[in-house]
Each structure stands twice: as C-alpha cells, then as structure tokens.
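In what follows, a single structure is set out as structure tokens and then discussed.
The values are calculated or read from the model by the stated rules, or taken from the named source; none is laboratory data. It should be emphasised that the depicted structure is a prediction, and the values quoted were computed from it without experimental measurement. Counting neighbours? That spans all protein chains shown, and the Cβs are built from the backbone with ideal geometry, glycine included.
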Amino acid sequence: MPVTSGKRAFLELLKQEGVDILFGNPGTTELPLMDALAVDNELRYVLGLQEAAVIGMADGYAQASGKLAAVNLHVTPGLGNAMGMLYDAQKAGSPILVTAGQHDQDFNATEPILWADLPPIARPLVKWSAEVHRLADLPRLVHRAAKTALAPPTGPVFLALPGDILKAEAELDLLAPTRIAPQMRGDPAAVAAAATLLAQAERPLIIAGDAVARSKAHAELVELAELLGAPVYSELVASTASFPASHPLFRGAMTRMQGPVRKVLEQYDVLFSVGGDLFTLSLPSDIEPMPDGVTLIHLDNDAWELGKNYPPKVAILGDPKTTLPDVTEAVRRRLGSGARAVARERLEAAKKATLDEREALKAKARALADATPVQPLALLDAIGNMLPRDAVVIDETISSGIGIRSLIKSDDPQSYFGLRGGGIGWGLPAALGVKLALPDRPVVALIGDGSAMYTCQALWTAAHERIAAVFVIFNNTSYRILKQRLHAHRGLAAQADRFVGMELQNPAIDFVGLARSLGVAAERANTVQDATDLVAKGIKSDAPLLIDVPTDRNYKPL
Ligand SMILES: Cc1ncc(C[n+]2csc(CCOP(=O)(O)OP(=O)(O)O)c2C)c(N)n1
Ligand SMILES: [Mg+2]
C-alpha cells in the first residue's frame with residue numbers, strides 16, 4: 001500500500017465519493033488541507049466569507065444535484081456560525097458532509113484558542129457526528145459519513161478532523177464508497193390496503209412532499225392523482241416542486257395555520273400523504289388541523305415521519321417513484337366502471353376548481369400590476385409569466401410569497417427550491433449552490449430584504465466564482481411577516497402602530513451599493529416592468545445580477 005498523508009488522503013476520499021467542490025472557510029486548523037489543495041487540480045474550493053453562507057451554498061448544491069456536498073469549517077466558532085443553516089439543511093434532508101478542523105489531539109488538554117469538543121455541538125442537527133482519532137480510521141469514517149448522508153432519508157453528517165491526523169503519514173487503504181440503492185419498494189400488503197381505501201374514497205385528497213421531487217416521481221404521482229380525480233396540495237413547508245405547478249390538479253401550498261388547514265381537509269374523506277409533513281405549523285392554536293372524519297394513508301421513505309403526529313390507517317415505508325406505480329395499479333384494479341366514471345367527474349370538477357382559483361389569483365395580480373410601490377403579488381405573477389420553462393426559482397420571499405407556487409411555473413422536480421427549515425438567510429447562498437449544480441439552467445432567487453442580510457457575503461462568492469444567478473430583493477424595508485403576525489395579535493403594538501425591531505430603515509439598506517461593493521452588478525427597479533426587464537437581462541448574462549425592488553411596506557391585510 002502506498003504511503004500517504006492524511007490531508008491528501010482526505011481529498012482523495014472526497015473524490016472517491018464523487019465530490020468535485022469543497023465549500024469552506026479556512027483557519028489555522030484547516031491549513032494542512034489548504035496545503036494539500038494547493039497541488040490538487042480536481043477539487044474546486046469555493047470560499048464563503050461567513051460559515052452560514054458556506055452551508056447555504058452546500059445545501060443548494062446538495063438539493064439541486066442530489067449528490068454529496070462537502071464542507072470544511074474552522075473549529076468551534078466556524079461550526080457555530082454554521083448552525084442556523086445546518087438546521088435548514090437537516091430539515092431539507094440535504095446530504096452534506098460537514099467537516100471542521102480540530103487542534104492536534106495531544107494539544108487539546110490545554111484548551112487552546114477556538115477549541116471545544118466539536119461532535120456534540122453538531123450532533124443535534126446531523127444524522128451522525130464523530131471525530132477521527134487515528135489516521136488508519138480516516139478512510140472508514142469518511143466513507144461511513146458519506147454513506148450515511150446519502151442513505152434515505154438523506155441528511156447532513158459531521159466529522160471533526162484533528163490536525164495531527166491530517167499531517168500524519170501512513171500506508172493507507174482508501175477502501176471504497178458504499179451506496180444504498182434508494183428505490184425501496186413499499187410492502188405489497190400495505191400497498192393493497194392503501195389501494196382499497198383510495199378506491200373507496202368519495203373525496204380523496206393528496207398532499208405531496210419533497211420525497212416526491214427527490215425521487216423524481218412527478219409522473220407517477222400525476223398518474224395516480226388523475227386516476228383518482230384527487231386535487232394535490234404541496235406539503236405545508238416544502239423545499240421542492242413536489243408536484244408540477246401548471247398541472248390543473250395542483251392547488252399550491254396550504255397556509256401553515258391550523259384553521260385554514262382544517263378548512264381544506266374537512267372537504268375530503270381520504271388523505272393520501274406522499275412524503276408530506278403532517279404538519280409543520282407556525283404557531284400553536286386551539287384548533288385541531290386534522291378533522292376526525294379523515295382517513296389517512298401515509299407513504300414516506302422516512303419511518304420517523306410515518307404516523308409522527310397522526311395515526312394513519314395504512315403506513316407504507318417506501319420510495320415514491322417505485323411504490324406509487326404499485327399503488328396506482330392496485331387502485332385501477334379495484335375501480336369498477338361506475339367508480340371510474342365518478343372519478344372522471346371528480347377530475348373534471350377538480351381541474352375546473354383549480355383553474356378558476358388560479359385565474360382569480362392572476363386577475364388580482366394583474367389588477368395590481370401598475371401599483372407603486374410594487375406589489376409582491378404583481379411581481380411574482382410577472383416573473384412567472386416571463387421566466388423560461390427551464391428556470392429554477394429559489395424562494396425566500398417570506399411574506400411576499402403568497403401564491404408563488406401557483407404563479408411560477410415550477411413544473412419539474414428541480415425547478416423550485418424553498419426554505420424548508422425556516423432559518424432565514426438560506427436563499428442567497430443556496431442560489432449559488434443550485435447554479436453550480438445546474439449550470440445550464442437560469443437560476444433566479446427571490447429573497448426578502450431582511451433574509452438577504454444574514455448571508456449577503458455570498459454575493460462576493462458569486463462575483464469571485466462568476467456564478468451567474470439572478471437575485472431579486474423584495475425590499476419592503478422591514479421584517480414584514482413579523483409585523484403581520486404581531487398585528488394579528490391585536491395587542492399593544494397594533495394599537496400603538498409601533499413595531500420594535502422590525503423596521504429596516506434609518507438608514508435604508510442600499511442593496512445596489514452593497515452588491516456592487518462585493519463585485520456584483522446591481523440595479524434598482526421601481527416598476528414591475530423594470531424588474532422583469534432586468535430579470536431577462538440577468539438570465540442572459542454570464543455574471544450574477546442583483547435587482548433591488550422596493551415593494552409595498554403595508555403589513556395590514558389588503
Ligand atoms: C436565522 C433567523 N433569524 C430570525 C428569524 C425570525 N424571522 C422570521 S421571518 C423574519 C423577517 C424576514 O424579513 P424579510 O426577509 O425582509 O421578509 P418579509 O417578512 O419582509 O417578507 C425574521 C427576522 C428566522 N426565522 N431565522
Ligand atoms: Mg422585508
């Protein structure tokens with residue numbers, strides 16, 4: 001076996017795992033790796049200027065590519081800065097190998113600067129967290145980490161890399177990656193039981209979760225939905241286009257509040273959740289979102305999610321792409337000609353209901369098209385109308401995103417990525433990762449002004465790496481969602497019309513100046529037309545562009 005150093009072995013192990021980009025921010029403890037990178041021509045090191053931005057980029061890359069994303073951070077403060085975005089990555093199930101340098105093991109007893117025990121810090125937010133203690137274990141542990149990140153349900157993992165391990169040399173067998181084939185086929189008896197319930201349903205409803213997009217099962221779910229004549233909602237907090245947005249059975253996302261969820265569900269007798277979150281809600285409420293009369297069927301590739309909050313009649317552990325055709329086939333066999341005719345009527349009625357609702361939303365948006373300042377609904381509609389079909393939208397619009405899944409034609413599984421975890425600051429760096437993963441598709445990030453400020457450092461990386469994403473800032477000079485929520489309390493803030501800690505004014509943030517200072521071209525758009533003209537220009541450019549759109553500050557219901 002050849003003698004190799006830990007630092008070079010680590011890079012080779014990443015390459016074995018299919019990694020071609022290492023996202024990172026270095027410090028002294030990472031210097032051995034930076035040394036090895038100096039003579040490596042295959043791995044691209046993408047520097048982020050704050051660790052939150054580093055993880056956000058890796059998250060976008062992992063979600064859009066489905067591949068392992070690799071990250072290297074700087075000891076305790078580096079990992080600490082990364083935690084908020086690591087939470088988002090965990091919620092989105094993003095396969096990310098997060099590593100951090102650690103001091104030499106025989107130095108740690110003195111508690112050197114920046115030192116803390118790293119694996120326990122990362123542990124709550126990852127599938128597996130460990131430290132390498134012997135160079136001989138490095139190959140095994142890196143491969144185990146990568147396998148774990150990519151095994152369904154996918155998610156981030158953490159490895160601490162002490163300096164002495166990276167600097168040491170030894171004869172090393174690099175072993176080989178393990179890949180767990182993801183297409184688990186659901187249990188046949190459970191599939192049959194689910195099909196019986198679905199075939200008997202009078203008013204079936206489908207909730208589609210990220211697992212559908214991840215397994216690229218759009219066509220399989222469309223077939224079942226059409227057979228049943230069942231409308232489809234996306235899960236409450238989605239990070240993907242879990243169903244094609246233009247399909248006439250797609251009703252968009254439900255509001256993340258108990259009352260409105262219950263109102264929708266009350267209209268149905270059988271709910272089939274295909275990888276959907278039941279339910280990720282925003283705030284507590286006395287209202288129970290799941291009505292008593294609804295029979296639940298639950299399919300997911302994550303056993304934890306099955307029956308997590310609501311006991312299903314049938315729970316199927318399986319991958320949507322391989323399991324849905326079995327369900328559809330079994331339903332088809334159970335539907336007599338009478339039932340088929342009824343299902344076709346349901347289909348026509350459901351299609352009409354969707355198209356009516358969508359047209360009403362678009363009419364409302366059109367009526368606001370010339371309003372100043374720009375109304376977010378009008379801007380979303382206009383962007384939805386002009387984007388090419390292969391565009392990918394990154395959504396961190398927060399309060400401005402109402403109707404986004406109906407207005408933007410996100411029709412394929414990689415056409416939309418949204419904020420799953422709720423930790424804001426994700427969208428701007430995630431857009432870079434998505435563009436790196438899908439370089440041939442236009443990438444347009446729609447981001448709230450408040451959200452953009454958490455990770456605006458990523459703009460420098462966009463300029464430095466010439467990552468041609470388009471950023472549209474929905475700039476209402478406020479944390480508008482928080483004002484809306486506090487206003488709804490009808491408490492002291494609403495009476496006083498005073499919202500402490502929610503105004504981003506005095507001074508207003510100069511996003512154009514900010515972007516330009518970091519090397520990114522930027523323009524302000526005061527009308528919907530100007531904004532879409534600039535989006536069109538940005539899509540054609542081979543460099544990033546930021547478009548600052550002052551939008552309505554009003555937080556009261558229109
Ligand atoms: C890391 C993090 N910090 C704070 C919050 C709380 N928070 C949720 S939404 C929000 C404001 C978002 O502002 P902006 O992006 O401008 O969107 P808007 O509400 O104006 O539409 C804040 C501060 C959060 N979710 N995550
Ligand atoms: Mg805002």
Sole exception among (1) closer than 29 Å to Asp187 by Cα; (2) without any contact (Cβ under 8 Å) to a residue 60 or more places away in the chain for Pro260, by number: (1)
Number of the exception - Asp497 against (1) within 16 Å of ligand 2 (Cβ to nearest atom); (2) surrounded by fewer than 18 Cβ atoms within 10 Å (Cβ to Cβ): (1)
Residue count, the stretch 89-139 (criterion: aromatic (Phe, Trp, Tyr) and either touching a Leu at 6+ places or on another chain (Cβ under 9 Å) or surrounded by 19 or more Cβ atoms within 10 Å (Cβ to Cβ) (or both)): 1
Helices (runs of 4 or more DSSP H) enclosed by the stretch 186-266 - at least 3 residues per element that are in contact with a helix residue (DSSP H, G or I) (Cβ under 9 Å, 6 or more places away or on another chain) and within 26 Å of Lys91 (Cβ to Cβ): 210-214, 218-228
Any pair with Cβ under 8 angstrom, 6 or more apart, that starts in the stretch 81-96 at a residue that is in contact (Cβ under 8 Å) with a residue 24 or more places away in the chain and over 13 Å from Met57 (Cα atoms) and ends at one that is polar (S, T, N, Q) and assigned to a helix (DSSP H, G or I): Ala92/Gln63
Among residues of the stretch 470-495, those that are within 30 Å of the chain's Cα centre (by Cα), more than 8 Å from ligand 1 (Cβ to nearest atom) and hydrophobic (A, V, I, L, M, F, W, C), counted: 6
Condition check for Ala315: modelled with pLDDT of 95 or more, among the hydrophobic types (A, V, I, L, M, F, W, C), in a loop (DSSP other than H, G, I, E, B) and buried (at least 19 other Cβ atoms within 10 Å of the Cβ): no
Residue within the stretch 421-434 that is more than 13 Å from Thr397 (Cα to Cα), surrounded by fewer than 22 Cβ atoms within 10 Å (Cβ to Cβ) and either at pLDDT below 95 or more than 10 Å from ligand 1 (Cβ to nearest atom) (or both) present: no
Any hit, the stretch 381-400, residues being within 16 Å of ligand 2 (Cβ to nearest atom), free of Cβ contacts under 8 Å to residues at least 40 places away in the same chain and surrounded by 24 or more Cβ atoms within 10 Å (Cβ to Cβ): no
Residue check for Ala371: farther than 21 Å from Gln414 by Cα, touching a residue at least 12 places away in the same chain (Cβ under 8 Å) and either within 21 Å of the chain's Cα centre (by Cα) or in a loop (DSSP other than H, G, I, E, B) (or both): yes
Those residues of the stretch 447-469 which are charged (D, E, K, R) and either more than 16 Å from ligand 1 (Cβ to nearest atom) or modelled with pLDDT under 95 (or both), in sequence order: Glu465, Arg466
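Can you name the strands (runs of 3 or more DSSP E) wholly within the stretch 1-88 that have at least 3 residues being on the phi < 0 side of the Ramachandran plot and buried (at least 19 other Cβ atoms within 10 Å of the Cβ)? Don't jump to the end; show me each part of the working.
Details: elements: 3-5, 21-24, 44-47, 69-74.
Result: 21-24, 69-74.
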Candidates Asp302, Asp286, filtered to the one that is surrounded by fewer than 20 Cβ atoms within 10 Å (Cβ to Cβ), under 28 Å from Ala151 (Cβ atoms) and not aromatic (Phe, Trp, Tyr): Asp302
Where a residue in the stretch 496-511 is closer than 21 Å to Asn526 by Cβ and more than 11 Å from ligand 1 (Cβ to nearest atom) and its partner, wherever it lies, is among the β-branched types (Val, Ile, Thr) and not in a loop (DSSP other than H, G, I, E, B), with Cβ under 7 Å and at least six apart: Phe511/Ile473
Thr354 vs. criteria surrounded by 14 or more Cβ atoms within 10 Å (Cβ to Cβ), under 19 Å from Val232 (Cβ atoms), more than 26 Å from the chain's Cα centre (by Cα) and not aliphatic (A, V, I, L, M): no
Cβ pairs under 9 Å, 6+ apart, first in the stretch 112-136 and free of Cβ contacts under 8 Å to residues at least 60 places away in the same chain and over 23 Å from Lys167 (Cβ atoms), second among the hydrophobic types (A, V, I, L, M, F, W, C) and assigned to a loop (DSSP other than H, G, I, E, B): Lys127/Ala151
Single unsatisfied condition, Ser400 versus (1) touching a Ser or Thr at 6+ places or on another chain (Cβ under 7 Å); (2) of a type outside the set (Lys, Arg); (3) within 9 Å of ligand 1 (Cβ to nearest atom); (4) part of a loop (DSSP other than H, G, I, E, B): (4)
